[in-house]
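Below: one structure, written as C-alpha coordinates.
The values are calculated or read from the model by the stated rules, or taken from the named source; none is laboratory data. Model, not experiment: these values are computed from the prediction. With ideal geometry, Cβ positions are generated from the backbone for all residues, glycine too; neighbour counts draw on all protein chains shown.
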Amino acid sequence: MPERKTTPLKELDERLPYRLREQFMTSPELSLLRVLQRMVKTHYVICPKVALNDIFYIARPNENVHFFNKIFRKHVDFLLCEPDTLKPAFGIELVKPIARNETREADQFMEDLFLSAGLPLVHVPSDERYDENDLAELFKISIVKVKDSGSLRAPSKTDSVPMCPVCGRMMVLRIHRNGSEKGTKYYGCMDSPACNGVVAIG
(Lines give C-alpha, C1' and ligand atoms only; values in the text may rest on other atoms or scores of the structure.)
Protein backbone atom coordinates (compact mmCIF):
# COMPACT_ATOMS: atom_id res chain seq x y z
CA MET A 1 0.00 0.00 0.00
CA PRO A 2 1.54 3.35 -1.10
CA GLU A 3 2.51 5.76 1.63
CA ARG A 4 0.09 8.67 1.98
CA LYS A 5 1.70 12.07 1.56
CA THR A 6 0.85 14.86 3.98
CA THR A 7 1.36 18.58 3.62
CA PRO A 8 3.90 19.94 6.08
CA LEU A 9 2.40 22.25 8.70
CA LYS A 10 4.81 24.97 7.66
CA GLU A 11 3.41 24.96 4.11
CA LEU A 12 -0.17 25.12 5.42
CA ASP A 13 0.71 28.06 7.66
CA GLU A 14 2.26 29.97 4.75
CA ARG A 15 -0.73 29.45 2.46
CA LEU A 16 -2.60 32.68 1.72
CA PRO A 17 -6.06 32.81 3.37
CA TYR A 18 -8.01 33.23 0.11
CA ARG A 19 -10.49 30.71 -1.25
CA LEU A 20 -12.54 30.62 -4.44
CA ARG A 21 -16.21 31.39 -3.87
CA GLU A 22 -18.57 28.62 -4.92
CA GLN A 23 -20.85 31.10 -6.70
CA PHE A 24 -19.77 34.25 -8.50
CA MET A 25 -23.34 35.21 -9.32
CA THR A 26 -26.68 34.53 -7.70
CA SER A 27 -29.45 32.66 -9.49
CA PRO A 28 -31.41 35.88 -10.30
CA GLU A 29 -28.21 37.52 -11.60
CA LEU A 30 -27.42 34.56 -13.86
CA SER A 31 -30.98 34.47 -15.16
CA LEU A 32 -30.90 38.19 -15.95
CA LEU A 33 -27.49 37.89 -17.61
CA ARG A 34 -28.76 35.24 -20.02
CA VAL A 35 -31.73 37.41 -21.03
CA LEU A 36 -29.50 40.46 -21.45
CA GLN A 37 -27.19 38.48 -23.70
CA ARG A 38 -30.11 37.63 -25.97
CA MET A 39 -31.34 41.22 -25.96
CA VAL A 40 -28.16 43.20 -26.59
CA LYS A 41 -26.33 40.63 -28.75
CA THR A 42 -23.22 42.44 -30.02
CA HIS A 43 -24.58 45.96 -29.49
CA TYR A 44 -23.11 46.18 -25.99
CA VAL A 45 -20.50 44.45 -23.86
CA ILE A 46 -22.01 43.19 -20.60
CA CYS A 47 -19.76 43.67 -17.56
CA PRO A 48 -21.02 42.14 -14.29
CA LYS A 49 -20.33 43.46 -10.79
CA VAL A 50 -18.46 46.63 -11.68
CA ALA A 51 -17.12 48.74 -8.80
CA LEU A 52 -18.68 52.20 -8.63
CA ASN A 53 -15.29 53.85 -8.22
CA ASP A 54 -14.25 52.28 -11.53
CA ILE A 55 -17.15 54.11 -13.22
CA PHE A 56 -17.29 57.41 -11.33
CA TYR A 57 -14.77 59.76 -9.80
CA ILE A 58 -15.38 62.38 -7.15
CA ALA A 59 -15.15 65.98 -8.33
CA ARG A 60 -12.66 67.93 -6.19
CA PRO A 61 -12.01 64.87 -3.97
CA ASN A 62 -10.24 66.79 -1.21
CA GLU A 63 -13.32 69.00 -0.82
CA ASN A 64 -15.84 66.15 -1.09
CA VAL A 65 -14.00 63.44 0.83
CA HIS A 66 -17.16 62.50 2.79
CA PHE A 67 -18.72 61.28 -0.48
CA PHE A 68 -16.02 58.62 -0.89
CA ASN A 69 -17.61 56.13 1.51
CA LYS A 70 -20.86 56.30 -0.44
CA ILE A 71 -19.26 54.49 -3.39
CA PHE A 72 -16.35 52.67 -1.71
CA ARG A 73 -16.65 48.88 -1.98
CA LYS A 74 -19.98 49.16 -3.78
CA HIS A 75 -20.80 47.94 -7.26
CA VAL A 76 -23.51 47.98 -9.91
CA ASP A 77 -24.84 44.56 -10.87
CA PHE A 78 -24.30 45.00 -14.62
CA LEU A 79 -22.76 47.69 -16.79
CA LEU A 80 -23.50 47.76 -20.52
CA CYS A 81 -20.64 49.33 -22.47
CA GLU A 82 -20.12 50.44 -26.07
CA PRO A 83 -18.27 47.57 -27.82
CA ASP A 84 -15.58 49.72 -29.47
CA THR A 85 -14.72 52.14 -26.67
CA LEU A 86 -16.16 50.35 -23.60
CA LYS A 87 -17.77 53.66 -22.69
CA PRO A 88 -20.56 52.99 -20.16
CA ALA A 89 -24.03 53.16 -21.72
CA PHE A 90 -26.39 51.66 -19.10
CA GLY A 91 -26.20 50.53 -15.52
CA ILE A 92 -28.46 47.69 -14.41
CA GLU A 93 -29.31 47.13 -10.77
CA LEU A 94 -31.35 44.26 -9.33
CA VAL A 95 -33.70 45.51 -6.62
CA LYS A 96 -35.74 43.59 -4.08
CA PRO A 97 -39.52 44.01 -4.25
CA ILE A 98 -40.86 46.55 -1.75
CA ALA A 99 -44.22 48.13 -1.02
CA ARG A 100 -45.66 50.39 -3.73
CA ASN A 101 -44.52 54.03 -3.66
CA GLU A 102 -41.61 53.17 -1.34
CA THR A 103 -37.93 53.50 -2.19
CA ARG A 104 -34.96 52.11 -0.32
CA GLU A 105 -32.31 54.68 0.59
CA ALA A 106 -29.58 52.67 -1.16
CA ASP A 107 -31.68 52.34 -4.33
CA GLN A 108 -32.38 56.08 -4.31
CA PHE A 109 -28.68 56.88 -3.95
CA MET A 110 -27.84 54.70 -6.94
CA GLU A 111 -30.58 56.45 -8.93
CA ASP A 112 -29.24 59.89 -7.98
CA LEU A 113 -25.63 58.86 -8.65
CA PHE A 114 -26.29 57.65 -12.19
CA LEU A 115 -28.64 60.53 -13.00
CA SER A 116 -26.07 63.11 -11.86
CA ALA A 117 -23.60 61.61 -14.34
CA GLY A 118 -26.17 61.40 -17.15
CA LEU A 119 -25.97 57.59 -17.24
CA PRO A 120 -29.23 55.62 -17.41
CA LEU A 121 -29.77 53.15 -14.57
CA VAL A 122 -32.25 50.33 -15.11
CA HIS A 123 -33.87 49.07 -11.90
CA VAL A 124 -34.91 45.44 -12.40
CA PRO A 125 -37.01 43.68 -9.72
CA SER A 126 -35.13 40.57 -8.61
CA ASP A 127 -36.70 37.35 -9.92
CA GLU A 128 -35.81 33.91 -11.22
CA ARG A 129 -37.20 34.63 -14.72
CA TYR A 130 -37.32 37.78 -16.84
CA ASP A 131 -39.33 38.84 -19.85
CA GLU A 132 -37.50 40.66 -22.66
CA ASN A 133 -40.43 42.99 -23.38
CA ASP A 134 -40.67 44.01 -19.72
CA LEU A 135 -36.94 44.68 -19.61
CA ALA A 136 -37.13 46.74 -22.80
CA GLU A 137 -39.74 48.97 -21.15
CA LEU A 138 -37.50 49.44 -18.11
CA PHE A 139 -34.66 50.50 -20.43
CA LYS A 140 -36.93 53.09 -22.05
CA ILE A 141 -37.97 54.44 -18.65
CA SER A 142 -34.32 54.86 -17.60
CA ILE A 143 -33.54 56.84 -20.77
CA VAL A 144 -36.53 59.13 -20.25
CA LYS A 145 -35.47 59.80 -16.64
CA VAL A 146 -32.02 60.96 -17.77
CA LYS A 147 -33.48 63.20 -20.48
CA ASP A 148 -36.04 64.70 -18.09
CA SER A 149 -33.37 65.36 -15.45
CA GLY A 150 -31.28 67.43 -17.87
CA SER A 151 -28.17 65.52 -16.81
CA LEU A 152 -26.85 65.07 -20.34
CA ARG A 153 -24.33 67.86 -20.04
CA ALA A 154 -20.60 68.30 -20.36
CA PRO A 155 -18.71 68.13 -17.07
CA SER A 156 -17.51 71.40 -15.59
CA LYS A 157 -13.85 72.26 -16.02
CA THR A 158 -13.65 72.67 -12.26
CA ASP A 159 -14.88 69.13 -11.61
CA SER A 160 -11.50 67.50 -12.14
CA VAL A 161 -8.32 68.02 -10.14
CA PRO A 162 -5.37 69.22 -12.25
CA MET A 163 -2.05 67.41 -12.34
CA CYS A 164 1.02 69.31 -11.23
CA PRO A 165 2.62 71.15 -14.18
CA VAL A 166 6.05 70.68 -12.59
CA CYS A 167 6.22 67.02 -11.50
CA GLY A 168 2.97 65.49 -12.82
CA ARG A 169 1.55 64.43 -9.43
CA MET A 170 -2.06 65.06 -8.36
CA MET A 171 -2.69 68.48 -6.89
CA VAL A 172 -4.51 69.40 -3.66
CA LEU A 173 -6.87 72.30 -3.00
CA ARG A 174 -5.19 74.83 -0.72
CA ILE A 175 -5.89 78.33 0.63
CA HIS A 176 -3.44 81.23 0.64
CA ARG A 177 -2.75 82.05 4.29
CA ASN A 178 -0.76 85.24 3.79
CA GLY A 179 -0.07 88.03 1.34
CA SER A 180 -2.30 89.88 -1.08
CA GLU A 181 -4.15 86.67 -2.05
CA LYS A 182 -4.92 85.64 1.54
CA GLY A 183 -8.13 83.56 1.74
CA THR A 184 -8.24 82.66 -1.96
CA LYS A 185 -8.13 79.03 -3.09
CA TYR A 186 -5.56 77.47 -5.41
CA TYR A 187 -4.23 74.04 -6.34
CA GLY A 188 -0.82 73.14 -4.94
CA CYS A 189 1.24 70.03 -5.61
CA MET A 190 0.61 67.21 -3.14
CA ASP A 191 4.41 66.87 -2.88
CA SER A 192 4.79 70.40 -1.50
CA PRO A 193 7.16 71.75 -0.21
CA ALA A 194 9.47 69.47 -2.19
CA CYS A 195 7.64 70.61 -5.34
CA ASN A 196 6.37 74.19 -5.74
CA GLY A 197 3.88 73.52 -8.55
CA VAL A 198 0.81 75.80 -8.36
CA VAL A 199 -2.34 76.18 -10.48
CA ALA A 200 -4.60 79.17 -9.95
CA ILE A 201 -8.40 78.78 -9.73
CA GLY A 202 -10.66 80.96 -11.84
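Structure notes:
Condition check ((1) in contact with a strand residue (DSSP E or B) (Cβ under 7 Å, 6 or more places away or on another chain); (2) closer than 20 Å to Ser116 by Cα; (3) not assigned by TED's automatic domain parsing to the domain that holds Leu173) across all residues:
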residue: Arg38; (1), (2), (3): no, no, yes
residue: Glu63; (1), (2), (3): yes, yes, yes
residue: Lys70; (1), (2), (3): no, yes, yes
residue: Lys87; (1), (2), (3): yes, yes, yes
residue: Glu93; (1), (2), (3): yes, yes, yes
residue: Arg104; (1), (2), (3): no, yes, yes
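- When the residues of region 47-87 are filtered to those that are basic (Lys, Arg) and part of a loop (DSSP other than H, G, I, E, B), the one that is nearest to the chain's Cα centre (by Cα) is Lys74.
Residues checked against (1) modelled with pLDDT under 90; (2) surrounded by 18 or more Cβ atoms within 10 Å (Cβ to Cβ); (3) within 26 Å of Val35 (Cα to Cα):
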{"position": "Lys74", "(1), (2), (3)": "no, no, yes"}
{"position": "Leu79", "(1), (2), (3)": "no, yes, yes"}
{"position": "Ala89", "(1), (2), (3)": "no, no, yes"}
{"position": "Ile98", "(1), (2), (3)": "yes, no, yes"}
{"position": "Ser116", "(1), (2), (3)": "no, no, no"}
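- The listed residues are Leu36, Leu113, and the only one of them that is farther than 29 Å from Leu173 by Cβ and among the aliphatic types (A, V, I, L, M) turns out to be Leu36.
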